[in-house]
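> Here you go, one structure.
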Amino acid sequence: MVKIPAEYKGLIIGKGGAKLREISEQTGAEVSRRKGEVYITSGTERQREEAKVNIGIRLVRRSLFIKFQ
């Protein structure tokens with residue numbers, strides 16, 4: 001499971017899971033959600049790590065955007 005603050009889950013999941021599919025396509029790792037939580041369910045170690053980094057970058061960008069508004 002990837003820990004994501006509640007206020008950012010929509011940003012990471014996207015409408016109908018669109019952002020999760022985008023992350024999966026970009027990294028090759030399978031990223032999904034269950035019961036509102038985000039999981040990296042398959043992929044090589046490198047692909048799973050890339051998915052985590054991708055999610056982290058999205059969170060940092062959003063938090064910086066909010067901070068400097």
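> Pairs only if they're at least six apart or on different chains, beta carbon under 8 angstrom, first in region 16-38 and free of Cβ contacts under 8 Å to residues at least 12 places away in the same chain, second small (Gly, Ala, Ser) and in a strand (DSSP E or B); list them, first residue then second.
From region 16-38, no pairs qualify.
> Inside the chain, counting only helices (runs of 4 or more DSSP H) that do not spill past its ends, which hold 1 or more residues that are out of contact with any Leu (no Cβ under 6 Å at 6 or more places or on another chain), at pLDDT 95 or above and of a type outside the set (Val, Ile, Thr)?
18-27, 45-67
> Looking only at region 14-21, decide whether some residue is surrounded by fewer than 18 Cβ atoms within 10 Å (Cβ to Cβ), over 9 Å from the mean Cα position of the chain (by Cα) and closer than 17 Å to residue 1 by Cβ.
Scanning region 14-21, I find at least one residue that is surrounded by fewer than 18 Cβ atoms within 10 Å (Cβ to Cβ), over 9 Å from the mean Cα position of the chain (by Cα) and closer than 17 Å to residue 1 by Cβ, so the answer is yes.
> Take the residues of region 26-36 that are among the charged types (D, E, K, R) and over 16 Å from residue 58 (Cβ atoms): which is surrounded by the fewest Cβ atoms within 10 Å (Cβ to Cβ)?
Filtering first and then ranking leaves 35.
> Can you pull out the residues in region 37-69 that are over 15 Å from residue 4 (Cα atoms), open to solvent by 60 Å² or more (accessible area, probe 1.4 Å) and not aromatic (Phe, Trp, Tyr)?
The answer is 41, 44, 45, 46, 48, 49, 50, 64, 66, 67, 69.
The values are calculated or read from the model by the stated rules, or taken from the named source; none is laboratory data. All figures in this text were calculated on a predicted structure; none of them were measured in a lab. Reconstructed Cβ throughout: ideal geometry from the backbone, glycine too, with neighbour counts over all protein chains shown. Note: accessible area is taken over every heavy atom of the protein model, side chains too, but ligands, DNA and RNA are not part of it. Shrake-Rupley method; radii C 1.70, N 1.55, O 1.52, S 1.80 Å.
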